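Novice: Below is a structure I'd like to ask you about.
The values are calculated or read from the model by the stated rules, or taken from the named source; none is laboratory data. Note that the coordinates shown come from a computational prediction; the quantities given were computed from them, not determined experimentally. Cβ sites come from the backbone with ideal geometry, for glycine too, and all protein chains shown count toward neighbours. Side chains included, ligands, DNA and RNA excluded: accessible areas come from the protein's heavy atoms. Shrake-Rupley method; radii C 1.70, N 1.55, O 1.52, S 1.80 Å.
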Amino acid sequence: MTQYMLLIRNEDTDFSKFSAKDFQDLMKKYKDWTQKIVQDGTYVSGEKLTHDLGKSLKVKSGKIIVDGPYADTKDAIGGYYIIKAKSLDAAVEVGKGCPALSYGGSLEVRAVDKV
């Protein structure tokens, strides 16, 4: 089985409009979905990321440049899961159950290259 990373993106989500109950309900959805994929043997690992957008590193003219964070980024990653699946299509099917899709978030599904 191949491992796939599900990157959870929250670019179209305004969490400031969520009530405390909305957050509780959302966390329950994530907990329930995570338990489901653990029980069916799909889950490998996963974590929610902090709201701090971190830093970006790149090389420019032979020097490492540290930049960011970018508060207005449309590519903010809210978390990730690593799952096992027989194919990309199977991983996409698993991803369709992710609660991120219920509140305007999106998923990027990528195969992990285990060299």
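Novice: With a sphere of radius 14 Å drawn around the Cβ of Q24, what net charge do the other residues whose Cβ falls strictly inside it have (Lys, Arg +1; Asp, Glu -1)?
Specialist: So the environment of Q24 carries a net charge of +1.
Novice: Given springs between every Cα pair under 10 Å in a Gaussian network model of the chain, which of V92, V66, V38 has the largest fluctuation?
Specialist: Highest fluctuation among the options: V66.
Novice: Charges only on Cβ, +1 for Lys and Arg, -1 for Asp and Glu: so what's the dipole of the range 1-80 about the Cα centre, in debye to the nearest 20?
Specialist: That gives the range 1-80 a dipole magnitude of about 220 debye.
Novice: Of the heavy-atom accessible surface of the range 8-68 (probe 1.4 angstrom), what whole percent is carbon and sulfur?
Specialist: Here carbon and sulfur together make up 54 percent of the probe-accessible area.
Novice: I've got another one for you. Dividing the Cα radius of gyration by the Kirkwood radius, what Rg/Rh value follows for the range 1-105?
Specialist: Value, to two decimals: 1.04.
Novice: Can you list the trypsin sites (Lys or Arg not before Pro) in the range 16-56 that are in a DSSP coil and have 11 or fewer other beta carbons within 10 angstrom?
Specialist: Taking the range 16-56 and a limit of 11 other Cβ atoms within 10 Å, the loop trypsin sites (Lys or Arg not before Pro) found are K55.
Novice: Please compute the net charge surrounding E93, taking Lys and Arg as +1 and Asp and Glu as -1 over other residues with Cβ under 14 Å from its Cβ.
Specialist: Once all neighbours under 14 Å are counted, the net charge is +2.
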